[in-house]
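Nothing in this text is a laboratory measurement; each read-out follows from the coordinates by a stated rule. This is a predicted model, so every value here is computed, not measured. Cβ atoms come from the backbone with ideal geometry, glycine included; neighbour counts cover every protein chain shown.
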Amino acid sequence: MKVLNRLFGRRQPSSSEVARERLQFVLSYDRANISPGLLDTLKDEIIAVISRHISIDPEGVEITFSEGSRESRLEAHIPLATNRGGRKK
Amino acid sequence: MPGKVVTITSGKGGVGKTTATANLGVALAMENLKVVVLDADIGLRNLDMMMGLENRIVYDLVDVVEGRCRLRQAMVRDKRLPELYLLPAAQTRDKTAVSPSNMIDICNQLRDTTDFIVVDSPAGIERGFQNAVAAADEVIIVTNPEVAAVRDADRVIGLLEAEEKGPIHLVINRVKPDMVRRGDMLDTSAVIELLAIDLIGIIPEDESIVGAANRGQPIVLSNNSQAGLAFRNIARRLLGHSVPFAPLEKPGLFQRFIKLVRSEGE
């Protein structure tokens, strides 16, 4: 069944792939000495600050931390609230 | 040329540091080099057991540090090879009985008469680890292809890089090719990519390691062991020879087919 799933592209990731992804995540946080929970705090505060000036979609805000070979970076994805979706409803 | 200090460490316990120290020490001595294996795991010594030298210990590292004997008197000669010695740890003391500067002093004394000093570090990142790496010219990180071992290895690499210790080499121990093929174990390339340090050895899981430890006969001394061969290769690489890595994880025909189908789909 596993093989069939693989052949038809519906496969579950193997445990080694999961391990690799989890390690990529945890090592980047360990190396930067920041806790994953910090991002939630940052996210809440960023939403609060920006919302004072512009209307944003708080559900869509994503803050990610990534580590490359040369630099580490925080990335914020902040979608603005639009009225288009709202009018239809 | 003064001898080189190579420290074997890992962060996590139980990954095979002591086995690696014993085997690397023996493998280097088999290359006709003068070698001392030094147990820095004070209070939990085991290198003597792995080497089969436990009942020949008279003095230990702490006796040397505290002046109860000369360095030479504490060294236990391994008669299986021309120039191989064990400097045992004390069993009844703790890590604070030795300081990093004590370790530097002892290793400097050994450098004059020895080609290699292989230091077995305790697990952890505290005093025992600091002692073990204090005199290191090169460091070998032993890890297993599993999440906790890789994470701890990364932490230790970070500490060593902050202290500008190195070169740092990686040994991936206890690799089970069947499990890797099934996708149930991290493959060596993933571990190397995650840790981003130079690979010096891959040791396959080998049941005969247990028997070797039972007998106090490091596996490199037996001729037909995959793990033994892998340790001999590490010794040669440490000496600057370029030894190709054995194809432990070559995918079978079926896996290659699956891979092809998968990549076509992407």
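Just to confirm my numbers, what's the Cα centroid distance between segment B:40-109 and segment B:186-252 in Å?
Going from one Cα centre to the other spans 26 Å.
Using the per-residue mean of other Cβ atoms lying within 10 Å as a proxy for protection, in what order, highest first, do the peptides A:58-65, B:234-241, B:31-38 fall?
Numbers: A:58-65: 13.4, B:234-241: 16.8, B:31-38: 22.1.
Output ranking for A:58-65, B:234-241, B:31-38: B:31-38, B:234-241, A:58-65.
Got the relative contact order for segment B:49-93 handy, in percent, Cα pairs under 8 Å and 6 or more residues apart? Walk me through the intermediate numbers first.
On the way: 48 pairs, mean separation 16.4, N = 45.
Answer for segment B:49-93 is 37 percent.
For B:Val210 and B:Arg80 in one chain, what is 0.36 nm times their gap in residues minus the Cα-Cα distance, to one decimal in nm?
Working: separation 130, 0.36 × 130 = 46.80 nm, distance 1.99 nm.
Using 0.36 nm per residue and subtracting the Cα-Cα distance, I get 44.8 nm.
I'd like the FRET efficiency for B:Val147 and B:Met49, computed as 1/(1 + (r/R0)^6) with the beta carbon distance as r and R0 of 25 Å, rounded to 0.05.
On the way: r = 29 Å, r/R0 = 1.15.
E between B:Val147 and B:Met49, to the nearest 0.05, is 0.30.
Take every Cα pair under 8 Å in chain B that's 6+ residues apart, average their separations, divide by the length, and report that relative contact order as a whole percent. Can you show the working numbers first?
Details: 514 pairs, mean separation 63.9, N = 266.
Value for chain B: 24 percent.
Mind checking A:13-20 for the average number of partner chain beta-carbons within 10 Å of each residue's beta-carbon?
On the way: counts 1, 4, 7, 11, 3, 2, 11, 9.
Mean partner-chain Cβ count within 10 Å for A:13-20: 6.
For B:187-194, what's the mean count of beta carbons from other chains sitting within 10 Å of each residue's beta carbon?
3
Assuming R0 = 35 Å, what is the FRET efficiency of B:His241 and B:Thr96, from their Cβ-Cβ distance, to the nearest 0.05?
Details: r = 40 Å, r/R0 = 1.13.
That gives a FRET efficiency of 0.30.
Taking just the alpha-carbon atoms of the protein assembly as shown, what radius of gyration and Dmax come out, in angstrom?
Computed over the Cα atoms of the protein assembly as shown, radius of gyration and Dmax are 25.1, 89 Å.
Modelled label-to-label distance, A:Val18 and A:Asn33, 7 Å Cα→beta-carbon offset: nm?
Those two pseudo-labels are separated by 3.3 nm.
Pop out the Kirkwood hydrodynamic radius of segment B:1-155 from its pairwise C-alpha distances, inverse of mean 1/r, in Å to one decimal.
Working: mean 1/r = 0.0659 Å⁻¹.
About 15.2 Å for segment B:1-155.
Kirkwood hydrodynamic radius of chain B from all distinct Cα pairs, in Å?
Details: mean 1/r = 0.0530 Å⁻¹.
This gives a value of 18.9 Å.
Filter the DSSP H helices in chain B by two things, a Kyte-Doolittle mean of at least -1.0 and an axial alpha-carbon span of 15 angstrom or more, and list the hits by number. Please report the intermediate quantities before stating the final value.
Values: long enough: B:17-30 (19 Å, 0.79); B:100-111 (16 Å, -0.31); B:147-162 (23 Å, 0.75); B:226-238 (18 Å, -0.05); B:253-265 (18 Å, 0.06).
Sorted by number, the helices that extend far enough and score high enough are B:17-30, B:100-111, B:147-162, B:226-238, B:253-265.
Go ahead and run the numbers for FRET between B:Asn224 and B:Glu31, Cβ-Cβ distance against an R0 of 25 Å, rounding to 0.05.
Numbers: r = 20 Å, r/R0 = 0.79.
With R0 = 25 Å, the Cβ-Cβ based efficiency is 0.80.
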